[in-house]
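Q: Sharing a structure here in structure tokens format.
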Amino acid sequence: MGNTNAGFVPTEPPPEYALTKEPTLPPAMLKTPDEERKEKSKDIPDSGPERVMWGNQIEFLMSCIATSVGLGNVWRFPFVAYQNGGGAFLIPYIIVLLLIGKPMYYVEVVLGQFSSRNTVRVWAMAPAMKGIGYAQALACGYILSYYVSIIALCLYYLAMSFNATLPWSVCDPEWENCVPSGLTENVTLTPNSTSSAELYFVRTVLQQVDGIDDGLGTPLWYLTLCLLASWVIIFIIVFKGVKSSGKASYFLAIFPYVIMIILLISTAILPGVGDGILFFITPQWDKLLELSVWYSAVTQVFFSLSVCTGPIIMFSSYNGFKQNVYRDAMIVTTLDTFTSLLSGITIFGILGNLAYVLERPVIEVVGSGGTGLAFISYPDAIAKTFQPQLFSVLFFLMMLVLGIGSAVALLTAVNTILLDAFPRVPTTLMAAGSCIVGFSIGLIYVTPGGQYILELVDYYGGTFFVLSCGIAEIIGIFWIYGLENVCLDIEFMSNRKTSIYWRLCWGFITPAMMIIVFIYALISFEALVFGENYVYPVLAYVGGYLMLVCGILLIPLFIFTNMYKNKNAGSFRDILKKSFRPKSTWGPRSLDLRSEWKLFKEVAKTERQQMRTSWFKHICMIITGGYRRRM
């Protein structure tokens, strides 16, 4: 499994291998004074200035919860589940969570904490794969560019929720075939009928044009103000890095649950709620045989947990070396699933009440997913509740906080890379610069044609691209750096032996499932169509494919660049080894810990070599953890 020059040692090592600050090295590891000076000169710059740390372990946990529990749980999961088999979707979703989501989340928090490095520098473990870190940072940039514009829409709707009459609950005289969303009796529908919530969103809020062939238009002033306010809020949270965002994480992580519980209780007492919930969880078993359902499960897990984009590695890099990240990873991944189910029950409970009020089947009041779900389907249902203003304020306040929590993580992931690259730049100045750039780019999405660009960036720069980064990441970690090396690093850091479950997932099951899903996505990949039938201009498709291709090409580009730097290493095989072998500076940030870790690895390697009799047995021992059990 990749670079397997590592093995296992007993939990209680023999006295001659006791891990002290000044370990007694075996003769083979002794260095001359000149070699020691060279080694230290390489290590010290890598250690750099004192790295900022979380105020306490709870701040890290809350930040991870605020990151993973976001808009994807509320507006994406319920309808993804509904469209892919309802209750039956929970089966592939939970399987994917156990075999892909949890393993990827756990290894990312491990690597970040073990190395105290960002998503780029962590690839000192396999230097040629450094392009993965830059690709993930680019993915963060793509997502963040439009994500804050959605937060701006939430802020706008929150402000409008304080009106005596919700503006989307009534029709404008100029709207044809409009049906007031606030109307609950004597509703007459025709094939051309459109709810006032939809017309309000499309015509009043977005002022959406019929296409972007003639341009995007100028930014709308009220959405621009909301976008500016959103970026100001984000800046206030991140201007001191994790020192400030860690304090804000308590509110960002806990407050949405307060709102969710209030909404759930308020919804539970409404008539018709049970029908909506049953509609949501009723399984369509035939869907389990469709590969598209499993693809949806994988993308939902990636989108929800924020794995393979950088924030998880970034957050854990600010941890203390001995923190119990195993516990934290299990808490966050489990809580994320619970939140998705909670939001699904709440949302479909509201839709069940809407069906009861309108005396129609639930399926006829279920709208579409995506942006339309958050700003058309939900407002339309809220307008018909007995306290529409209260429900609206609570809902959009929850959406606002959820969105900000995820946006803070995405921005911090990018800022951490920039701050580590330019350590002399003050954190506040870097945060201000990033927010200004983000606001400037975000102006594109608050134009009358902005939603067309949002769909384009999300489609080409989001899901498929992130899945590509995920596959490259797992190959780089477990097939190049080595599964056994990762397990040794975990044991050294946390004194925890890695079970066969994690080893099987990391070594075979997770990469196999991801590659199968990737091949399916590649085969079924089609040009984006906006709405039902709008075909983008050729130039837009060119831009979309460039976003995707440029991001993916970063990975092979850095591989070839690194190999070129090592062209004098000897034969092609030697060049490969040097390009993919861990740097001498790889390991714990502390020089003392790094010395202990190197001794730990050397002892493990020696003891493993004494047991190894064949290559097949070697692989079996790695997958089963046999080297550790036999110590």
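The values are calculated or read from the model by the stated rules, or taken from the named source; none is laboratory data. Treat the numbers as computed from the prediction; the structure is a model and nothing was measured. All Cβ positions, even for glycine, are placed from backbone atoms using ideal geometry, and neighbour counts span all protein chains on display. Note: accessible area is taken over every heavy atom of the protein model, side chains too, but ligands, DNA and RNA are not part of it. Shrake-Rupley method; radii C 1.70, N 1.55, O 1.52, S 1.80 Å.
Q: Check Asp286, Asp275 and return the single one that is of a type in the set (Asp, Glu) and either assigned to a loop (DSSP other than H, G, I, E, B) or touching a helix residue (DSSP H, G or I) at 6+ places or on another chain (Cβ under 7 Å) (or both). Steps first, please.
A: Values: Asp286 fails: either assigned to a loop (DSSP other than H, G, I, E, B) or touching a helix residue (DSSP H, G or I) at 6+ places or on another chain (Cβ under 7 Å) (or both).
Step by step, each of Asp286, Asp275 is checked, and only Asp275 is of a type in the set (Asp, Glu) and either assigned to a loop (DSSP other than H, G, I, E, B) or touching a helix residue (DSSP H, G or I) at 6+ places or on another chain (Cβ under 7 Å) (or both).
Q: Another question, then. Name the one entry in Ala407, Ala383, Ala413, Ala421 that is more than 30 Å from Gly215 (Cα to Cα) and touching a Leu at 6+ places or on another chain (Cβ under 8 Å).
A: Details: Ala407 fails: more than 30 Å from Gly215 (Cα to Cα); Ala413 fails: touching a Leu at 6+ places or on another chain (Cβ under 8 Å); Ala421 fails: touching a Leu at 6+ places or on another chain (Cβ under 8 Å).
Answer to the check: Ala383.
Q: Run down Asp420, Asp380 and say which single residue is among the acidic types (Asp, Glu) and surrounded by fewer than 20 Cβ atoms within 10 Å (Cβ to Cβ).
A: On the way: Asp380 fails: surrounded by fewer than 20 Cβ atoms within 10 Å (Cβ to Cβ).
Only one candidate passes the filter, namely Asp420.
Q: Out of the residues in the range 594-609 that are open to solvent by 20 Å² or more (accessible area, probe 1.4 Å) and among the basic types (Lys, Arg), state the one that is farthest from the chain's Cα centre (by Cα).
A: Lys605
Q: If you don't mind, another one. Inside the range 500-533, can you point out the residues that are open to solvent by less than 50 Å² (accessible area, probe 1.4 Å) and under 30 Å from Arg589 (Cα atoms)?
A: Passing the criteria: Trp502, Arg503, Cys505, Trp506, Gly507, Thr510, Pro511.
Q: Kindly indicate the residue of the range 234-287 that is within 30 Å of Ala432 (Cα to Cα) and among the polar types (S, T, N, Q) and also surrounded by the fewest Cβ atoms within 10 Å (Cβ to Cβ) among those meeting that condition.
A: The selected residue is Ser244.
Q: Leu144 - would you say it is of a type in the set (A, V, I, L, M, F, W, C) and in contact with a Leu (Cβ under 9 Å, 6 or more places away or on another chain)? Steps first, answer last, please.
A: Details: of a type in the set (A, V, I, L, M, F, W, C): yes; in contact with a Leu (Cβ under 9 Å, 6 or more places away or on another chain): yes.
Yes.
Q: Separate question: State yes or no: is Ile471 surrounded by fewer than 24 Cβ atoms within 10 Å (Cβ to Cβ) and either within 23 Å of the chain's Cα centre (by Cα) or of a type in the set (Gly, Ala, Ser) (or both)? Spell out the reasoning first.
A: Numbers: surrounded by fewer than 24 Cβ atoms within 10 Å (Cβ to Cβ): yes; either within 23 Å of the chain's Cα centre (by Cα) or of a type in the set (Gly, Ala, Ser) (or both): yes.
Considered against the rule, which asks whether it is surrounded by fewer than 24 Cβ atoms within 10 Å (Cβ to Cβ) and either within 23 Å of the chain's Cα centre (by Cα) or of a type in the set (Gly, Ala, Ser) (or both), Ile471 comes out as yes.
Q: So, restricting to helices (runs of 4 or more DSSP H) that lie completely within the range 409-476, which ones have at least 2 residues that are farther than 20 Å from Trp123 by Cα and in contact (Cβ under 8 Å) with a residue 12 or more places away in the chain?
A: Details: elements: 427-442, 450-458, 464-474.
In the range 409-476, the matching helices (runs of 4 or more DSSP H) lie at 427-442, 450-458.
Q: Residue by residue through the range 78-96, note down the ones that are surrounded by 24 or more Cβ atoms within 10 Å (Cβ to Cβ) and modelled with pLDDT of 85 or more.
A: Residues satisfying the conditions are Phe89, Tyr93, Val96.
Q: Please specify each residue of the range 135-164 satisfying the condition of being open to solvent by less than 20 Å² (accessible area, probe 1.4 Å) and aromatic (Phe, Trp, Tyr).
A: Tyr146, Tyr147, Tyr157
Q: Does Ile132 satisfy the criteria of being open to solvent by 10 Å² or more (accessible area, probe 1.4 Å) and either at pLDDT below 90 or of a type in the set (A, V, I, L, M) (or both)?
A: On the way: open to solvent by 10 Å² or more (accessible area, probe 1.4 Å): no; either at pLDDT below 90 or of a type in the set (A, V, I, L, M) (or both): yes.
Criteria not met by Ile132.
Q: Within the range 133-174, count every residue that is β-branched (Val, Ile, Thr) and closer than 25 Å to Thr194 by Cβ. It would help to see each step written out before you state the result.
A: If we filter the range 133-174 for residues that are β-branched (Val, Ile, Thr), which is where we start, we get 143, 148, 150-151, 165, 170.
From what is left, the residues that are closer than 25 Å to Thr194 by Cβ are 150, 165, 170.
Counting residues in the range 133-174 that are β-branched (Val, Ile, Thr) and closer than 25 Å to Thr194 by Cβ gives 3.
Q: Could you tell me whether any residue of the range 308-317 is open to solvent by less than 50 Å² (accessible area, probe 1.4 Å), in contact with an Asp or Glu (Cβ under 6 Å, 6 or more places away or on another chain) and in a helix (DSSP H, G or I)?
A: Yes, the range 308-317 has at least one match.
Q: Can you say whether Gly211 is part of a loop (DSSP other than H, G, I, E, B), open to solvent by less than 50 Å² (accessible area, probe 1.4 Å), at pLDDT 80 or above and not aliphatic (A, V, I, L, M), as far as the supplied structure shows?
A: Details: part of a loop (DSSP other than H, G, I, E, B): yes; open to solvent by less than 50 Å² (accessible area, probe 1.4 Å): yes; at pLDDT 80 or above: yes; not aliphatic (A, V, I, L, M): yes.
Yes, satisfied.
Q: Filter the range 325-345 for residues that are in contact with a Ser or Thr (Cβ under 7 Å, 6 or more places away or on another chain) and either open to solvent by 10 Å² or more (accessible area, probe 1.4 Å) or under 18 Å from Ser406 (Cβ atoms) (or both) and give the result. Steps first, answer last, please.
A: Kept after step one, since they are in contact with a Ser or Thr (Cβ under 7 Å, 6 or more places away or on another chain), are these residues of the range 325-345: 325-326, 332, 336, 340.
Selection gives Tyr326, Val332, Asp336, Ser340.
Q: So which residues in the range 562-584 are small (Gly, Ala, Ser), touching a residue at least 12 places away in the same chain (Cβ under 8 Å) and assigned to a helix (DSSP H, G or I), if there are any at all? Explain how you work it out, then say what you get.
A: So in the range 562-584, the residues small (Gly, Ala, Ser) come out as 569-571, 579, 584.
Now drop any that are not touching a residue at least 12 places away in the same chain (Cβ under 8 Å), which leaves 579, 584.
Selection gives Ser579 alone.
Q: Same structure, new question: Which residue pairs have Cβ atoms under 9 Å apart, sit 6 or more places apart or on different chains, and have a first residue in the range 590-602 that is among the aliphatic types (A, V, I, L, M) and a second that is outside any helix (DSSP H, G or I)?
A: From the range 590-602, the pairs are Leu593/Phe321; Leu593/Gly587; Leu599/Leu19; Leu599/Pro23; Leu599/Thr24; Leu599/Leu25; Leu599/Pro26.
Q: Quickly run through the range 217-233 and pick out the residues that are in a helix (DSSP H, G or I) and open to solvent by 50 Å² or more (accessible area, probe 1.4 Å).
A: Within the range 217-233, the first condition is being in a helix (DSSP H, G or I), and the residues that meet it are 221-233.
Scanning the range 217-233 gives Trp221, Leu225, Leu228, Val232, Ile233.
Q: Okay, moving on. Of all the residues that make up the range 268-298, how many are over 22 Å from Ala521 (Cβ atoms) and of a type in the set (Phe, Trp, Tyr)?
A: Summing the residues that are over 22 Å from Ala521 (Cβ atoms) and of a type in the set (Phe, Trp, Tyr) in the range 268-298 gives 3.
Q: So, Leu557, is that one surrounded by 13 or more Cβ atoms within 10 Å (Cβ to Cβ) and modelled with pLDDT of 90 or more or not? Let's see the steps before the verdict.
A: On the way: surrounded by 13 or more Cβ atoms within 10 Å (Cβ to Cβ): yes; modelled with pLDDT of 90 or more: yes.
Yes.
Q: Determine, yes or no, whether Ser116 is of a type in the set (S, T, N, Q), open to solvent by less than 20 Å² (accessible area, probe 1.4 Å), in contact (Cβ under 8 Å) with a residue 12 or more places away in the chain and in contact with a helix residue (DSSP H, G or I) (Cβ under 8 Å, 6 or more places away or on another chain).
A: On the way: of a type in the set (S, T, N, Q): yes; open to solvent by less than 20 Å² (accessible area, probe 1.4 Å): yes; in contact (Cβ under 8 Å) with a residue 12 or more places away in the chain: yes; in contact with a helix residue (DSSP H, G or I) (Cβ under 8 Å, 6 or more places away or on another chain): no.
So Ser116 fails the test.
Q: Looking at (1) at pLDDT below 75; (2) charged (D, E, K, R); (3) in contact with a helix residue (DSSP H, G or I) (Cβ under 6 Å, 6 or more places away or on another chain), which is the one condition that is false for Asp380?
A: The number of the failed condition is (1).
Q: Does any residue in the range 523-536 that is under 14 Å from Thr463 (Cα atoms) and touching a residue at least 40 places away in the same chain (Cβ under 8 Å) come within less than 9 Å, Cβ to Cβ, of a residue that is surrounded by 12 or more Cβ atoms within 10 Å (Cβ to Cβ) and charged (D, E, K, R) six or more places away or on a different chain, and which pairs are these?
A: Every condition considered, the pairs that remain are Leu528/Glu455.
Q: Can you run down the residue pairs with Cβ atoms below 7 Å, 6 or more apart or on separate chains, where the first is in the range 273-284 and polar (S, T, N, Q) and the partner is surrounded by fewer than 21 Cβ atoms within 10 Å (Cβ to Cβ) and modelled with pLDDT under 85?
A: Thr282/Gly86; Thr282/Gly87; Gln284/Gly86; Gln284/Ala88
Q: For the range 623-630, does any single residue satisfy the condition of being open to solvent by less than 50 Å² (accessible area, probe 1.4 Å), within 15 Å of Leu504 (Cα to Cα) and modelled with pLDDT of 75 or more?
A: yes
Q: Answer yes if at least one residue in the range 100-111 is within 16 Å of the chain's Cα centre (by Cα), among the basic types (Lys, Arg) and surrounded by fewer than 23 Cβ atoms within 10 Å (Cβ to Cβ), and no otherwise.
A: no
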